[in-house]
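S.K.: Input: one structure, supplied below.
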Amino acid sequence: MTSFFKASASALLIGGLFASSATAKPIPAEAFSKAPVVSGVSMSLEGDMLVGLVADPTSDEGEMAAAYWDLSGKIDTSKPLAPTSVTPSDRSLFFAASALKQKKSLWFTTQTFIGALDGCGEGRTTGATKKYINGVFMGNEKLTKIDDIPSGAAEVGANRDSLRCFELTGETSVASLLPLDKENVVIARASTKNGIGYFRHNLRTGREKFLYRGKEFENYFISNRTGEPFGSFELEFEGGDWKEITRLVDPATGKMAIEDSLTTKVEDRYTMSVFGQQGSTGKYFIGTDKFSDKVAVYLYDATTDQFSSQPVFAHPEFSISGMIFSQREQDFGAVLGFDYAAEVTKTYWLDPEVDSIQKGLDAAFPGRNVSLGTMTADRNRILFTVSSSAMPPAYFVLLDKAKVATIGSSRPWIDPDHIGVTELEYITARDGLKVPSLVSYPPNFTKGRDQARGAIIHPHGGPWARDSANFDTAGWVSYFTSRGYIVLRPQYRGSAGFGRELWLAGDKEWGQKMQDDKDDTAAWLVSKGYVASDKIAMHGYSYGGFASIAASVRPDSPYQCAIAGAGVADLTKLGNLWGDNRIQRVRQGQTVKGMDPMRNTQKVNIPILLYHGDYDVRVPLFHSRDFYNSIKSSSPQSE
């Protein structure tokens with residue numbers, strides 16, 4: 001099997017799926033800005049169809065169209081699979097899709113909105129807001145119709161303001177595919193009743209049956225076997241504290257009850273994830289960092305309220321981010337493997353057959369990240385994605401455990417040889433903390449011999465987020481490495497996903513120790529001889545934009561210039577904004593303290609470029625505008 005995969009993969013690569021060139025050269029900006037050829041591909045549980053997005057053949061505006069691939073007949077693997085049907089976007093633009101069952105699919109759309117929100121959703125509380133609003137539609141076989149699904153908006157007792165708010169913020173998702181049920185799925189839908197409603201949706205008839213409703217700030221855990229809740233998660237104010245309360249069904253009584261051992265204060269920020277239930281014992285798999293720096297999985301007994309003494313799944317370096325369970329009837333609920341958050345998300349397969357398939361594909365695509373997606377019950381059809389830090393995602397279907405059908409590369413015009421590789425380094429900050437950092441090198445860069453043209457320190461947004469060493473679809477990393485620059489993305493203190501210690505270390509350190517981490521990674525590049533000290537810049541977006549703004553006012557900056565996209569400039573106003581939300585105030589608002597750039601504009605000492613989207617409701621435009629105006633007023637000669 002491995003030797004066949006190698007031959008098949010070689011033929012696909014040589015046959016034109018990806019460009020090839022012996023000489024590295026800069027990749028133009030247009031290569032990243034134009035619409036992907038194909039993206040977001042999803043396969044039905046039956047394996048008889050695919051849906052996804054393709055570049056809209058009727059538009060020159062970079063829009064995406066809805067695509068459907070019929071896999072029910074004989075599949076020709078000698079050439080890439082062509083969509084059976086393509087439906088262009090209309091007033092609403094497609095941005096994601098999900099294959100279901102019964103030839104049906106969900107389509108997620110977005111469109112622009114300009115108007116008064118009156119406090120409903122993110123945006124200005126007075127005047128008009130520019131933003132994007134989303135919608136969800138149901139597609140039928142071959143997409144002959146993509147139609148509205150019941151919205152839940154027209155509920156008894158809903159007033160006009162509630163209905164309008166629902167139109168702006170209401171969201172619909174699939175709570176369970178019910179893989180053993182051929183016709184039904186469970187739909188979760190925000191409602192005008194301040195909670196999430198759950199409905200059994202018949203894909204064949206389109207009819208829905210109301211099942212149950214969560215309270216405000218409550219979500220249910222839904223059984224994939226029955227569609228019934230086996231637990232819930234709720235935010236509740238109790239005893240003077242906001243708490244994250246988990247309820248689970250006790251196998252001994254069949255009733256749902258609060259689990260004190262799983263209940264934590266919001267301000268403590270413990271991870272407490274219910275991954276699923278062990279079929280043989282009724283115990284629950286809980287992912288938590290309550291007992292260790294990284295998230296590990298424990299068995300939890302809801303009858304005795306006890307965790308297992310040791311984790312059942314753990315990784316020595318990284319957090320467990322999810323578990324994968326069998327969805328087929330013969331071994332339904334069996335643990336197939338678990339995901340862990342390394343430089344990219346990786347899967348450790350416990351199932352021997354799936355593990356063998358993974359290893360075969362890994363051998364066929366050496367140096368790439370192969371991610372298995374939906375698989376049929378007999379595992380004769382598996383959707384998988386191949387990518388790397390230098391290679392845009394490409395989509396394939398494994399047939400009969402032996403043949404590979406090509407769907408296509410998202411950006412076949414981008415040559416991986418022009419980008420270079422990305423490596424995870426742990427860089428020691430000035431106070432001894434290890435800062436995980438993704439270092440992306442120019443193509444053909446040799447450590448100890450070459451010096452880069454320059455370096456970009458590129459902090460992520462959030463700050464409660466993290467970067468991945470997979471392909472950067474925003475294009476910034478590849479754009480600069482193809483031009484001879486090193487791009488270093490520090491996972492500075494305050495970043496999530498690399499352990500609790502690193503995450504909590506960012507509290508109240510905005511512009512201070514969080515900023516030291518970025519400067520220290522820049523110094524590391526110089527100490528290694530990878531770049532000259534006078535050829536380093538910073539560029540970030542959102543919180544990364546804050547870091548760039550902060551860099552411009554800190555003394556002894558290691559940067560020649562900074563670029564801030566949609567950056568936070570005023571910590572005081574950000575704290576006040578988050579303070580308006582009673583939960584956000586406790587959860588994250590208290591951590592937003594440190595050096596406030598708006599109170600230090602007179603200290604700007606390097607050139608800075610500010611840019612900001614006028615439809616951005618997460619970081620209001622005034623942050624960039626006020627910072628710019630303050631600099632100009634304090635130094636009329638500045639440019």
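Bear in mind that the values in this text are calculations on the coordinates, not laboratory data. Please read these numbers as outputs of a predicted model, since none were measured by experiment. Don't worry about glycine lacking a Cβ; one is built from the backbone with ideal geometry, like all the others, and counts go over all protein chains shown.
S.K.: Please list, in chain and number order, the residues 5+ apart from Ile563 or on another chain whose amide H is under 5 Å from its amide H, with Hs placed from the backbone.
M.R.: Met538, His539, Gly540, Leu609
S.K.: Hey, can you grab everything whose amide H is under 5 Å from the amide H of Lys401? Only 5+ residues off in sequence or another chain; H modelled, so Pro and N-termini drop out.
M.R.: none
S.K.: Taking the Cα centre of each part, how many Å lie between the range 461-483 and the range 298-341?
M.R.: Answer, in whole Å: 30.
S.K.: If you average the alpha carbon positions of the range 364-417 and of the range 592-607, how far apart do those two centres end up, in angstrom?
M.R.: Taking the Cα centre of the range 592-607 as reference, the centre of the range 364-417 is 46 Å away.
S.K.: With the cut-off at 1.5 for a/c, could you classify the range 209-312 from its C-alpha gyration tensor as rounded, prolate or oblate?
M.R.: Numbers: a/c = 1.75, a/b = 1.06, b/c = 1.64.
Verdict is oblate for the range 209-312.
S.K.: Assign unit charges at the C-beta atoms only (+1 for Lys and Arg, -1 for Asp and Glu), then state the dipole size of the range 419-634 relative to its Cα centre in Debye, rounded to the nearest 20. Can you show the working numbers first?
M.R.: Numbers: 26 positive and 21 negative charges, 31 e Å.
So the dipole magnitude of the range 419-634 works out to roughly 140 debye.
S.K.: Okay, next question. Taking θ as phi - 60°, what are the ³J(HN,Hα) couplings along the range 531-548 by the Karplus curve (6.51, -1.76, 1.60), each to the nearest whole Hz, with x for Gly and Pro?
M.R.: Those phi angles translate into 7, 6, 5, 9, 9, 10, 10, 10, 9, x, 10, 6, 4, x, x, 4, 4, 5 Hz.
S.K.: Moving to a separate point now. Give me, ordered by chain and number, the residues 5 or more places off Gly408 or on other chains with an amide H under 5 Å from its own placed amide H.
M.R.: When sequence neighbours closer than 5 places are left aside, the close amide H contacts are Tyr395.
S.K.: Rounded, prolate or oblate: which fits the chain when a ≥ b ≥ c are the square roots of the eigenvalues of the alpha-carbon gyration tensor, with rounded for a/c under 1.5 and prolate only if a/b beats b/c?
M.R.: Here the chain falls in the rounded category.
S.K.: Rounded to the nearest 5, what % of DSSP beta bridges with both residues in the chain are antiparallel? Show your work: numbers first, answer last.
M.R.: On the way: 120 of 137 bridges.
Roughly 90 percent of the DSSP beta bridges within the chain come out antiparallel.
S.K.: Then there's this: Check the cysteines of the chain one by one and keep only those with no other cysteine Cβ under 4.7 Å from their own.
M.R.: Here Cys561 come out as lacking a disulfide-compatible partner, given the Cβ-Cβ threshold of under 4.7 Å.
S.K.: Tell me, what HN-Hα J-couplings in whole Hz come from the Karplus equation 6.51 cos²θ - 1.76 cosθ + 1.60 at θ = phi - 60° for each residue of the range 599-611, using x for Gly and Pro?
M.R.: 8, 9, 5, 5, 9, 4, 10, 9, x, 9, 10, 10, 9
S.K.: Just want the ordering: Asp90, Asp507, from fewest to most Cβ atoms lying within 10 Å of their own Cβ. Provide the component values of the computation, followed by the final result.
M.R.: On the way: Asp90 10, Asp507 18.
By the 10 Å Cβ count, ascending, the order reads Asp90, Asp507.
S.K.: Assuming a ≥ b ≥ c are the square roots of the Cα gyration tensor eigenvalues, decide whether the range 46-106 counts as rounded (a/c under 1.5), prolate (otherwise, with a/b larger than b/c) or oblate.
M.R.: Details: a/c = 3.03, a/b = 1.47, b/c = 2.06.
Oblate is the answer for the range 46-106, as a/c is 1.5 or above yet b/c matches or exceeds a/b.
S.K.: Rounded to the nearest 20 debye, what is the charge dipole size of the chain about its Cα centre when +1 sits on each Lys and Arg Cβ and -1 on each Asp and Glu Cβ?
M.R.: 660 debye
S.K.: With θ set to phi - 60° and the Karplus curve 6.51 cos²θ - 1.76 cosθ + 1.60, what are the ³J(HN,Hα) couplings of the range 375-382 in order, to the nearest whole Hz, using x for Gly and Pro?
M.R.: 10, 6, 4, 8, 6, 8, 9, 9
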